[in-house]
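Read the structure below first, then the notes.
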Amino acid sequence: MKQSSYYIPASILLLLVNISLATETGNSTNIEVPGRKATILGDVPAAKAFIDSTDIAVVGFFVDPDMPEVEYFNTIVKNHPEWDYGTTTSKEVLKHYKIKSNAITIFRQADNFRDDLVVEETPELNTAKLYRFLTINELRLVTEYNAMTAIGIIACKVQIHLLFFTHKDVEGQETIMKELREAAKDLRGQVLFVKMDVSMRSNQKIMAFFKLQKSDLPLISIYDTEKNRKHIMKSSEITAEVVKKFCIDFLSGAGEEESENVKTEL
């Protein structure tokens, strides 16, 4: 029997999540690094310096270091080198960050975000649940879109998203990413930068939404998730300064813009 269809207003984020959660899975990297340990944060200046030094800082705040969650945290540290880790039992540091019981916290620079996983409020915490918590909340200065980061993207309060459309055959991607990270630093809290690799089949749907072809890539577009406005950057030069100007113009309402009341059939 053919299922009935219905229409909802198109939100690119909702579309991303629905498509990707159905077609992709977020897998643990599970790469053990022998001897890898979290940085000890002995005082507040050390903690602040560590958190400010990286896109994503994961900190284990432990009032009681003898609980099982400490071992879960250490397992994540060894198996997942994609994040930078710190740990502390310092009363001074715990007080500064308003920690009253064991917690594992993620700090991200992309939108000055912090989220605490408070152990006593998390039923049956284990390594898998901790990994999922971190992956869902992983938004970097330039976040690579996948099924897991989609959840963090949709929860992010930053409503203007810059999308870098690319695929695995595009040359010079690392140079472009470096430029985008530089631009993103100055636009934190205003624009969320997302890398959209259309080598992933699910992301090709988003490329179609922007009426792009693979031959157009690499290409940058910007999207207002609240007002459903989008604009494609016409300059072929992708530098930090060009991208910042493109974003600032869009934020100010200057320049040519596109606005559509698109409906997506699900």
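The values are calculated or read from the model by the stated rules, or taken from the named source; none is laboratory data. This is a predicted model, so every value here is computed, not measured. Glycine gets a Cβ as well: all are built from the backbone with ideal geometry, and neighbour counts include every protein chain shown. Note: areas computed on protein heavy atoms with side chains; ligands, DNA, RNA excluded. Shrake-Rupley method; radii C 1.70, N 1.55, O 1.52, S 1.80 Å.
The helices (runs of 4 or more DSSP H) found wholly in the stretch 144-223 and carrying at least 3 residues that are open to solvent by 70 Å² or more (accessible area, probe 1.4 Å) occupy 173-186. All of (1) at negative phi; (2) at pLDDT below 90 hold for M177 with one exception: (2). Apart from one condition, L14 fits all of (1) at pLDDT below 90; (2) outside any helix (DSSP H, G or I); the exception is (2). Candidates I8, I99, I104: the one that is modelled with pLDDT of 95 or more and either in a loop (DSSP other than H, G, I, E, B) or open to solvent by 20 Å² or more (accessible area, probe 1.4 Å) (or both) is I99. The number of residues in the stretch 110-143 that are outside any helix (DSSP H, G or I) and not aromatic (F, W, Y) comes to 20. Return the total of residues in the stretch 52-80 being closer than 15 Å to R140 by Cα and part of a loop (DSSP other than H, G, I, E, B). The total comes to 3.
Looking across K157, K178, K244, K227, one residue alone is more than 28 Å from I51 (Cβ to Cβ) and charged (D, E, K, R). It is K227.
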